[in-house]
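Contents: one structure, followed by commentary.
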Amino acid sequence: PGKKVLIVYAHQEPKSFNGSLLKIAVEELTKQGCSVTVSDLYAMQFEPRATRNDIVGPLHNSEAFNYGVETWEAYKRGGLSKDLVEEQKKVQEADLLIFQFPLFWFNMPAILKGWMDRVLVQGFAYDLSKAYDGGLLQDKLSLFSFTTGGSKEKYAIRGDIRYLLWPMQHGIMHFCGVKVLEPHICYAPEHASEEKRKEMLTAWTQRLKTLWKEEPIDCSPEWYFK
Ligand code: FAD
Ligand code: ZN
């Protein structure tokens, strides 16, 4: 109760399975007394491209553009574009970040990757010697909640789905100091029966009921590659 949650949501269609998972999370967490903010990236027409438009005012070095350096400098002088400042404010205030998306090519959709690229700026999310356990977004939790096209059985044959979480959970969240909760994976909703789909949605509600009692995973290579 009283916790702040930011859900970063990447699906075009509210009637989709992802849309239903989002709706459940908003309803359940609100019911618990959490304050929930949603960044509905497609609805916002969120810009995924990392360009010089992200810097307001003069560039630090206008001779040769370096996105990382320019956004870092712009962050320090309060010169990031308005959309980035707004997202950073939501992140700053949140106790928990939930990412809700369909798996695209073993990864997050480009619009969500663009959110990561543009919002988690140096100086805001991490700094030179402030990364991983020393990252700047400490005391926050994250949870990757996603759907797949492939079945659980196929993923078990091809390889552990945890491999593909390494760049997302460890490379991004852990790097920024954010703790990681167990991912929530709904396998192949398109190929499931209506009954099975309802079960998956109920399981998400159930998980959210005890979410705040969960311990973060040990986000080290062993969790992913053991
Ligand atoms: P939907 O099609 O929206 O939902 C499935 C069904 O659930 C629909 O019939 C919907 O009506 C129904 N539904 C919605 N709400 C409810 C409700 N409340 N109760 C009951 N039923 C409901 N998959 C992989 O596994 N690996 C990949 O690498 C991969 N790469 C992809 C790359 C691209 C570019 C694309 C487009 C897809 C890729 N996929 C991949 C597949 C993708 O992950 C799945 O299509 C997606 O996860 C399905 O989720 P959805 O929300 O879009 O499903
Ligand atoms: Zn890690």
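The values are calculated or read from the model by the stated rules, or taken from the named source; none is laboratory data. Just so we're clear, the structure is a prediction, and the values are computed from it rather than from any experiment. A quick note on method: Cβ atoms are made from the backbone with ideal geometry, for glycine too, and the neighbour counts reach across all protein chains shown. These accessible areas exclude ligands, DNA and RNA; they are computed on the full protein's heavy atoms, side chains included. Shrake-Rupley method; radii C 1.70, N 1.55, O 1.52, S 1.80 Å.
Figures for the structure shown
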| read-out | value |
| --- | --- |
| 19 Å Cα-Cα reach of LYS82 towards aspartates and glutamates, excluding residues that sit fewer than 8 places from it in its own chain | ASP40, GLU47, ASP54, GLU70, GLU73, GLU93, ASP117 |
| 5 angstrom amide H check on ASP127, placed H, neighbours 5+ away | LEU136 |
| The chain - mean residue ellipticity at 222 nm from DSSP helices (-39,500 (n - 2.57) per run, n ≥ 4, rounded to 500) | -10000 deg cm²/dmol |
| Which listed pairs, of LYS113/LYS213; LYS130/LYS213; LYS76/LYS209; LYS90/LYS196; LYS130/LYS196, have C-alpha distances above 32 Å, in listed order | LYS76/LYS209; LYS90/LYS196; LYS130/LYS196 |
| Gaussian network model of the chain, springs between alpha carbon atoms under 10 Å - residue of ILE24, ILE157, ILE98 with greatest fluctuation | ILE157 |
| In range of the label at ARG162: residues from the stretch 205-223 whose backbone nitrogen is under 13 Å from the point 7 Å along Cα→Cβ | 217-223 |
| Highest-MSF residue in the chain out of TRP72, TRP212, TRP204 [GNM, Cα springs under 10 Å] | TRP212 |
| Total charge dipole magnitude, the stretch 4-225, about the Cα centre, Cβ charges on Lys, Arg, Asp, Glu only, Debye to nearest 20 | 280 |
| Within the accessible area of the chain (1.4 Å probe), percent carbon and sulfur | 54 |
| Selected from LEU181, LEU80, LEU128 as most flexible by GNM, with the chain as the system and alpha-carbon contacts under 10 Å | LEU128 |
| The stretch 109-114 - phi-based ³J(HN,Hα) in whole Hz, Karplus 6.51/-1.76/1.60, Gly and Pro as x | x, 3, 5, 7, 4, x |
| Distance from the stretch 147-224 to the stretch 85-113 (C-alpha centre basis), Å | 15 |
| Mean accessible surface per residue for the chain, computed with a 1.4 Å probe while every protein chain stays in place, in Å² | 52 |
| Gyration tensor (Cα) of the chain, equivalent ellipsoid semi-axes in angstrom | 31, 19, 18 |
| Tilt relative to the chain, helix 67-76 - C-alpha long axis, 0 to 90 degrees, to 10 | 80 |
| Whole-number percent relative contact order across the stretch 4-225, with pairs defined as alpha carbons under 8 Å at least 6 apart | 22 |
